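The values are calculated or read from the model by the stated rules, or taken from the named source; none is laboratory data. All values reported here derive from a predicted model rather than from experimental measurement. With ideal geometry, Cβ positions are generated from the backbone for all residues, glycine too; neighbour counts draw on all protein chains shown.
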Amino acid sequence: MFKLPNLPYDYDALGAYISKDIMQLHHDKHHQTYVDKLNAAIVSVPELEGKTVEELLIGLEAVPESIRQAVRNHGGGHYNHSLFWEWMSPQGGGEPTGALATAIIEKYGSFQAFVDEFTTKSLAVFGSGWAWLQPNLEIITSANQDSPLIQGLPAPLLGLDVWEHAYYLDYKNKRDDYVKSWWNVVNWDFVAERYKPVTKV
């Protein structure tokens, strides 16, 4: 059975940018619902029990049609959010360093140019979805709780949740203000760790 991961920091740790109320609602309610509904779907198909959420998403076409959409939605929600909490930190913000920083500057010309493009694509997501930085440093987006894994792509280096539940209590309908604030909590150390395997290829 899948379990809700603990936050790696206190609910109010990102308070200057993302409030305690948002974090409690987002983690304890929304993410917990994805976990609960994913477990409910898997229980009905015993041969899927024991698979990781990554295996389920990568092999989505092999999941019985009766629960495929539930696995897509709730498995994607569980996978995406489990990473999302790690992509933020009270000590976050600033700019990456080392190989990741060099690669981003080589591709985009400057770190700010990368931030601008990622922000633009985040704001362009229609309705609910995510923006992703992929290992090849391309920026892509997805709808709902779809992850790059569902598209047959590698696991992302970084992702931003632009569902309204991620920001509405703090920022109302102003997604642009939320995205601007989010850059102050990005955990670049975690992103850099995920980038390391790319540099060894």
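A few comments on the model shown:
- The residues of the stretch 1-25 that are at pLDDT 95 or above, exposed (fewer than 13 other Cβ atoms within 10 Å of the Cβ) and within 17 Å of VAL185 (Cα to Cα) amount to a single one, ASP10.
- Residue in the stretch 49-60 that is closer than 30 Å to ALA16 by Cα and outside any loop (DSSP other than H, G, I, E, B) present: no
Here is a yes/no grid of residues against (1) in contact (Cβ under 8 Å) with a residue 40 or more places away in the chain; (2) farther than 22 Å from LEU158 by Cβ; (3) small (Gly, Ala, Ser); (4) not assigned by TED's automatic domain parsing to the domain that holds LEU38:
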| position | (1), (2), (3), (4) |
| --- | --- |
| THR52 | no, no, no, no |
| LEU57 | yes, no, no, no |
| LEU60 | yes, yes, no, no |
| VAL63 | no, yes, no, no |
| SER66 | no, yes, yes, no |
| VAL71 | no, yes, no, no |
| HIS74 | yes, yes, no, no |
| GLY77 | yes, no, yes, no |
| ASN80 | yes, no, no, no |
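- Flag for PHE126 being of a type in the set (Phe, Trp, Tyr), surrounded by fewer than 16 Cβ atoms within 10 Å (Cβ to Cβ) and within 19 Å of the chain's Cα centre (by Cα): yes
- Selection within the stretch 151-201 - touching a Lys or Arg at 6+ places or on another chain (Cβ under 9 Å) and either surrounded by fewer than 14 Cβ atoms within 10 Å (Cβ to Cβ) or over 14 Å from LEU83 (Cβ atoms) (or both): VAL162, GLU164, HIS165, TYR167
- The stretch 115-149, subset part of a helix (DSSP H, G or I) and in contact with a strand residue (DSSP E or B) (Cβ under 8 Å, 6 or more places away or on another chain), residue nearest to VAL198 (Cα to Cα): PRO148
- Taken over the stretch 23-50, residues that are touching a residue at least 60 places away in the same chain (Cβ under 8 Å) and under 25 Å from GLY152 (Cβ atoms) amount to 1.
- Test result for LEU38, modelled with pLDDT of 95 or more and touching a Gly at 6+ places or on another chain (Cβ under 9 Å): yes
- Odd one out for TYR195 among (1) among the aromatic types (Phe, Trp, Tyr); (2) in contact with a Ser or Thr (Cβ under 9 Å, 6 or more places away or on another chain); (3) over 21 Å from HIS78 (Cα atoms): (2)
- Condition met for TYR79 (touching a Ser or Thr at 6+ places or on another chain (Cβ under 6 Å) and not hydrophobic (A, V, I, L, M, F, W, C)): yes
- Residue among GLY109, GLY77, GLY98, GLY92 that is touching a strand residue (DSSP E or B) at 6+ places or on another chain (Cβ under 6 Å) and either modelled with pLDDT of 95 or more or not polar (S, T, N, Q) (or both): GLY92
- Subset of the stretch 61-83 [of a type in the set (Gly, Ala, Ser) and either buried (at least 20 other Cβ atoms within 10 Å of the Cβ) or part of a loop (DSSP other than H, G, I, E, B) (or both)]: GLY75, GLY76, GLY77
- Index of the failed condition, GLY92 passing every other in (1) in a helix (DSSP H, G or I); (2) within 19 Å of the chain's Cα centre (by Cα): (1)
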